[in-house]
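Student: Let me give you the structure first, and then I'll get to my questions.
The values are calculated or read from the model by the stated rules, or taken from the named source; none is laboratory data. Model, not experiment: these values are computed from the prediction. We place every Cβ from the backbone using ideal geometry, glycine too, and count neighbours over all the protein chains shown.
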Amino acid sequence: MSRIKLLAGTAKAYCMSKSAITVTVKLFAAYQEAFKVSELVLEFPNSMPVKAVCDRLIAEHPELSQWRDITRFGINLIFVEPDTLLQDGDEVVLIPPVSGG
């Protein structure tokens, strides 16, 4: 039984020491057009806000900067504020304004 506790403690320590998280980013509208894919898998440091996803995408495609202040964010199918912290395994969506029929 003590060995089980030791293994559980080791796993917990590993999870707590993990310094990076991986998120899946679903792209729509201008973001999808810029990257020419509908989804990206990105790694970020722990304790990063969802707005860091947008900042990273704009750093790679500066033409997207016009959408920075009007993009909405979702994590795991729920709209969130830009300062919401990311968790490992989150599915993130960036939703710029869209028009059309």
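Student: Kindly establish whether VAL50 is out of contact with any Pro (no Cβ under 8 Å at 6 or more places or on another chain), surrounded by 12 or more Cβ atoms within 10 Å (Cβ to Cβ) and either within 12 Å of GLU91 (Cα to Cα) or not polar (S, T, N, Q) (or both).
Tutor: no
Student: If you don't mind, there's one more thing I want to ask. Looking at the range 20-49 only, could you name the residues that are closer than 15 Å to TRP67 by Cα and touching a residue at least 24 places away in the same chain (Cβ under 8 Å)?
Tutor: Once the filter is applied, which keeps residues that are closer than 15 Å to TRP67 by Cα and touching a residue at least 24 places away in the same chain (Cβ under 8 Å), the range 20-49 yields LEU27, PHE28, ALA29, ALA30, TYR31, ALA34, PHE35.
Student: Let me ask you something else. Taking SER65 and the conditions (1) hydroxyl-bearing (Ser, Thr, Tyr); (2) in contact with a helix residue (DSSP H, G or I) (Cβ under 6 Å, 6 or more places away or on another chain); (3) at pLDDT below 95, which numbered condition does it fall short on, given that it satisfies the others?
Tutor: All conditions pass for SER65, except number (3).
Student: Checking LEU77 against (1) modelled with pLDDT of 95 or more; (2) surrounded by 10 or more Cβ atoms within 10 Å (Cβ to Cβ), which test does it fail?
Tutor: For LEU77, the exception is condition (2).
Student: A further question follows. Quick one: count up the residues across the range 72-96 that are assigned to a loop (DSSP other than H, G, I, E, B) and touching a residue at least 40 places away in the same chain (Cβ under 8 Å).
Tutor: The total comes to 6.
Student: Let me ask something additional. Residues being in contact (Cβ under 8 Å) with a residue 24 or more places away in the chain and under 20 Å from GLU81 (Cβ atoms): count how many of those fall in the range 50-63.
Tutor: Selection size over the range 50-63: 6.
Student: Out of the residues in the range 34-61 that are small (Gly, Ala, Ser) and in a helix (DSSP H, G or I), state the one that is farthest from the chain's Cα centre (by Cα).
Tutor: ALA34
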